[in-house]
Amino acid sequence: MRNKLNCIMLIDDNEDDNFIHQIVIKRADACHKIQVAESGMEALEYLKKGKNIPELIFLDINMPRMNGWEFLEEYKVLDKDHKAEVVVIMLSTSINPADKEKAYTIEEVKEFKSKPLSLEMLNEILDNYFADK
């Protein structure tokens, strides 16, 4: 049996998606804290504070001001203390194959999944990356 993660972060500007994804995470009893950021900029500000660094980030692509790709460029240069043990999963409605291909060229991105997050999808991710936690 795996232990709960300390924190999972949702980076998505869609309130409905965030609401649904929080329900799934809570149902799975997957973590102690769910941190929601509605933009890449808000997420970076949170991460730079260095408190409750998430072990798992679900990142949307299409967001205003700073999209998922722009977030990843800034995320790459963050101090290691602000991104320790973080698994980034792109979670998007994009059906563009180029987005999926691009995601897999970025070292920080572990997987590209289609919304919405399901209980089965979450459990698979937790088993793949956090089974020994």
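Out of TYR46, TYR129, TYR104, TYR75, I need the residue that is more than 15 Å from ILE11 (Cβ to Cβ) and within 14 Å of the chain's Cα centre (by Cα). Which one? Break it down into steps so the answer makes sense when it comes.
Working: TYR46 fails: more than 15 Å from ILE11 (Cβ to Cβ); TYR104 fails: within 14 Å of the chain's Cα centre (by Cα); TYR75 fails: more than 15 Å from ILE11 (Cβ to Cβ).
Of TYR46, TYR129, TYR104, TYR75, the one residue that is more than 15 Å from ILE11 (Cβ to Cβ) and within 14 Å of the chain's Cα centre (by Cα) is TYR129.
Need the failing condition index for ASP29 against (1) more than 21 Å from LYS83 (Cα to Cα); (2) free of Cβ contacts under 8 Å to residues at least 24 places away in the same chain; (3) not hydrophobic (A, V, I, L, M, F, W, C), just the number.
Failing condition for ASP29: (2).
What's the number of the condition ASN52 fails, among (1) more than 15 Å from ILE125 (Cβ to Cβ); (2) part of a helix (DSSP H, G or I)?
The one condition ASN52 does not meet is (2).
Exactly one of (1) among the aliphatic types (A, V, I, L, M); (2) surrounded by 15 or more Cβ atoms within 10 Å (Cβ to Cβ); (3) not in a loop (DSSP other than H, G, I, E, B) is unmet by MET63. Its number?
(3)
Quick grid of which residues meet (1) open to solvent by less than 10 Å² (accessible area, probe 1.4 Å); (2) modelled with pLDDT of 95 or more; (3) assigned to a helix (DSSP H, G or I); (4) not hydrophobic (A, V, I, L, M, F, W, C):
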position: MET1; (1), (2), (3), (4): no, no, no, no
position: CYS7; (1), (2), (3), (4): yes, yes, no, no
position: ASP17; (1), (2), (3), (4): no, yes, yes, yes
position: HIS21; (1), (2), (3), (4): yes, yes, yes, yes
position: LYS26; (1), (2), (3), (4): no, yes, yes, yes
position: LYS33; (1), (2), (3), (4): no, yes, no, yes
position: PHE71; (1), (2), (3), (4): yes, yes, yes, no
position: ILE89; (1), (2), (3), (4): yes, yes, no, no
position: ASP99; (1), (2), (3), (4): no, no, yes, yes
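So, in region 113-131, of the ones that are free of Cβ contacts under 8 Å to residues at least 40 places away in the same chain and farther than 19 Å from ASN18 by Cβ, which residue ends up most open to solvent (accessible area, probe 1.4 Å)?
GLU120
The values are calculated or read from the model by the stated rules, or taken from the named source; none is laboratory data. Because the structure is a prediction, the values reported are computed rather than measured. Reconstructed Cβ throughout: ideal geometry from the backbone, glycine too, with neighbour counts over all protein chains shown. Heads up: the accessible areas ignore ligands, DNA and RNA and are worked out on the full protein's heavy atoms, side chains in. Shrake-Rupley method; radii C 1.70, N 1.55, O 1.52, S 1.80 Å.
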